[in-house]
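Novice: Would you mind keeping the following structure in view while I ask a few things?
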Amino acid sequence: MLLLLALLVSGCETVHFYSQAATGQLKILAGRKSIDGLVADEQTDPKLRKQLQLVQSIRAYAAAELHLPVGTAYSEFTQLKDEYALWNLVAAPEFSLSPKRWCYPIAGCASYRGYFDKQDARNQAGRMRAEGYDVYLGPVPAYSTLGWFDDPVLSSFVNWKPERLASLLFHELAHRRVYIGGDTAFNESFATAVSQLALPDWRRRQGIPAPKVKSVEQARRVNGLMVAARKQLQALYSSDKSDAEKRVQKAQTLQQLRSCYRKMSEGWVEDKKFSSLVEQTNNATLALVSEYQSKVPAFVQLFKDTGKDWDAFYMAVEQLGARPQDERKARLEALSQRAQAAARQTANNQASSKKVTGPSLQSDTCMSAAN
């Protein structure tokens with residue numbers, strides 16, 4: 001089907017893209033093996049069997065407790081020849097935080113483009129850079145076909161730790177429940193919210209302790225830096241300054257971001273997962289982070305508004321997704337503001353009950369030095 005669609009569009013690059021997409025997808029589908037069969041097979045590696053049994057329990061939880069349309073998704077396993085399933089390309093103009101959008105016959109428009117062949121991805125990234133775009137190219141261990149195929153568990157993520165594996169499957173299965181064509185931020189933030197909302201109860205049932213407060217705080221502070229940098233760059237790009245001035249101040253802002261991060265992360269034991277992203281931050285990476293995170297507080301607030309009832313929540317999300325994009329955006333912004341107000345109140349209550357001593361490196365304070 002994908003090959004046929006490829007022939008209906010013009011342009012050699014476009015035809016090549018759909019050809020490699022069809023070939024890559026068919027290879028994954030052709031390599032599928034039943035998880036039930038692998039678990040029952042005495043020849044299956046014990047470590048793999050344990051992980052596949054974990055997948056079975058995650059699928060059962062997603063269907064029974066989250067009311068997600070699991071069906072036969074992730075009931076099979078594919079061993080990849082490569083480390084990752086595909087490579088995603090994100091591109092944004094030199095003076096914009098709005099990512100380039102690519103449109104597809106099945107999934108609609110999205111802010112990224114996936115390549116099964118790493119060299120193809122690198123070649124396209126090079127062409128985008130030559131056109132003046134900021135580019136992010138990163139490996140993708142998993143993706144969803146939105147129910148068009150029964151997505152298998154892949155070797156690229158099967159051996160992840162239980163919590164990370166559950167988070168991934170909840171995220172990808174959420175895409176099968178609600179997906180709005182042409183709105184990446186909506187789709188990814190919704191799926192991320194579902195995963196975040198589901199994990200506490202899933203951890204409790206599995207006897208897995210909650211993440212360390214230190215780890216959560218580190219992630220919050222890094223996100224604060226990214227948000228502060230994004231706000232400064234948005235103001236710069238919308239100003240009437242010359243391109244030369246914008247170019248200089250953009251570089252200063254990104255350098256200040258890295259400097260703030262290095263100061264903030266001194267003494268952190270688990271900083272590698274953040275440092276790589278911060279060090280290569282540009283318009284494309286800031287756009288990518290925003291697509292996956294910017295609307296999460298809004299969806300969490302909507303979940304609370306619907307009485308924390310999953311079916312009512314999904315229905316509300318579908319109704320929201322059916323609205324015109326401007327209305328949808330305004331509604332999500334209103335929900336985000338309510339969520340932020342509640343978070344500030346909680347933080348103020350906690351701060352008033354604690355005595356704070358010593359210097360404090362606030363994200364917005366540090367980043368303000370770039371102005």
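Novice: Given the DSSP H assignment, sum -39500 (n - 2.57) over each helix run of at least 4 residues in the chain and divide by its residue total; what's the result at 222 nm in deg cm²/dmol, nearest 500? Numbers along the way, then the final one.
Specialist: Numbers: 15 runs with 223 residues, N = 371.
-19500 deg cm²/dmol, from helical runs alone.
Novice: For the chain, the longest stretch holding no GluC sites (Glu not before Pro) located in a DSSP loop with at most 15 other Cβ atoms within 10 Å is which?
Specialist: Numbers: sites that count: Glu42, Glu65, Glu83, Glu94, Glu131, Glu266, Glu270.
The segment 132-265 is the longest one with no such site.
Novice: In what order do Arg129, Arg220 fall by count of nearby beta-carbon atoms within 10 Å, going from fewest to most?
Specialist: Numbers: Arg129 13, Arg220 10.
Sorted ascending by nearby Cβ count, the order is Arg220, Arg129.
Novice: Oh, and also: Grab every C-alpha pair in segment 29-97, bin the distances at 10 angstrom width from 0 up to the longest one, and report whole percents.
Specialist: Distribution as computed: 16, 35, 27, 12, 8, 1 percent.
Novice: Only four residue types carry charge here, +1 at the Cβ of Lys and Arg and -1 at the Cβ of Asp and Glu. Report the dipole size of the chain about the Cα centre in Debye, rounded to the nearest 20.
Specialist: Details: 48 positive and 38 negative charges, 232 e Å.
With Lys and Arg at +1 and Asp and Glu at -1, about 1120 debye.
Novice: Connecting C-alpha atoms closer than 10 Å in a GNM of the chain, tell me which of Lys214, Lys33, Lys50 has the biggest fluctuation.
Specialist: Result for the chain, Cα springs under 10 Å: Lys214 fluctuates most.
Novice: While we're here: Name the residue farthest towards the positive end of the dipole of segment 10-157 from the options Tyr143, Leu29, Pro46, assuming +1 on Cβ of Lys and Arg, -1 on Cβ of Asp and Glu, about the Cα centre.
Specialist: Farthest towards the positive end: Tyr143.
Novice: Using alpha-carbon pairs under 8 Å, 6+ residues apart, how would you state the relative contact order of the chain in percent? If you can, show how the numbers build up before the last one.
Specialist: Details: 437 pairs, mean separation 63.7, N = 371.
Reported as a whole number, the value is 17 percent.
Novice: Rounded, prolate or oblate: which fits segment 178-313 when a ≥ b ≥ c are the square roots of the eigenvalues of the alpha-carbon gyration tensor, with rounded for a/c under 1.5 and prolate only if a/b beats b/c? List each step's numbers first, then the result.
Specialist: On the way: a/c = 3.02, a/b = 1.45, b/c = 2.08.
Here segment 178-313 falls in the oblate category.
Novice: Taking a virtual spin label 7 Å from the Cα of Gln280 along the C-beta vector, which residues in segment 133-167 bring their backbone nitrogen under 12 Å of it?
Specialist: Counting backbone N atoms under 12 Å from the label point, the list is 135-140.
Novice: I want to make sure I understand the PRE zone here: with the label point 7 angstrom from the Cα of Ala316 toward its beta carbon, which residues in segment 57-83 have backbone N atoms less than 17 Å away?
Specialist: The answer is 66-67.
Novice: Grab the eigenvalues of the alpha-carbon gyration tensor for the chain, scale each by 5, take roots, and send me the semi-axes largest first in whole angstrom. Intermediate results must be reported in sequence, preceding the final value.
Specialist: Details: eigenvalues 223, 159, 91 Å².
Computed over the chain, the values are 33, 28, 21 Å.
Novice: Mean 1/r over all different Cα pairs, inverted: what Kirkwood radius does segment 128-175 give, in Å?
Specialist: Values: mean 1/r = 0.0780 Å⁻¹.
Evaluated on segment 128-175, it is 12.8 Å.
Novice: Set the Förster radius R0 to 22 Å, insert the Cβ-Cβ distance between Asn159 and Ser34 as r into 1/(1 + (r/R0)^6), and round the FRET efficiency to 0.05. Kindly include the intermediate steps, with their values, before the conclusion.
Specialist: Values: r = 19 Å, r/R0 = 0.86.
FRET efficiency, Asn159 to Ser34: 0.70.
Novice: I've got another one for you. Starting from the Cα-Cα distance between Ala64 and Lys241, subtract it from 0.36 nm times their residue separation and give me the gain in nm to one decimal. The partial results should precede the final answer.
Specialist: Numbers: separation 177, 0.36 × 177 = 63.72 nm, distance 5.54 nm.
Full extension of this stretch gives 58.2 nm more.
Novice: Of all the C-alpha pairs in segment 157-223, what % are more than 19 Å from each other? Could you put the intermediate results ahead of the total?
Specialist: Working: 934 of 2211 pairs.
The proportion of pairs with Cα distances above 19 Å equals 42 percent.
Novice: Connecting C-alpha atoms closer than 10 Å in a GNM of the chain, tell me which of Gln206, Gln345, Gln196 has the biggest fluctuation.
Specialist: Gln345
Novice: Separate question: Given +1 on the Cβ of Lys and Arg, -1 on the Cβ of Asp and Glu, and no further charges, what dipole in debye does segment 10-157 carry about its Cα centre, rounded to the nearest 20?
Specialist: Numbers: 15 positive and 16 negative charges, 36 e Å.
In total the dipole reaches around 180 debye.
Novice: Something else: Could you pull the Rg and Dmax for segment 10-157, using just the Cα atoms, both in Å?
Specialist: That works out to 17.8, 57 Å for Rg and Dmax.
Coordinate-derived values only; no laboratory data. Note that the structure is a prediction, hence the values are computed from the model and not measured. Neighbour counts are summed over all protein chains in view; Cβ atoms, including those assigned to glycine, are modelled from backbone coordinates with ideal geometry.
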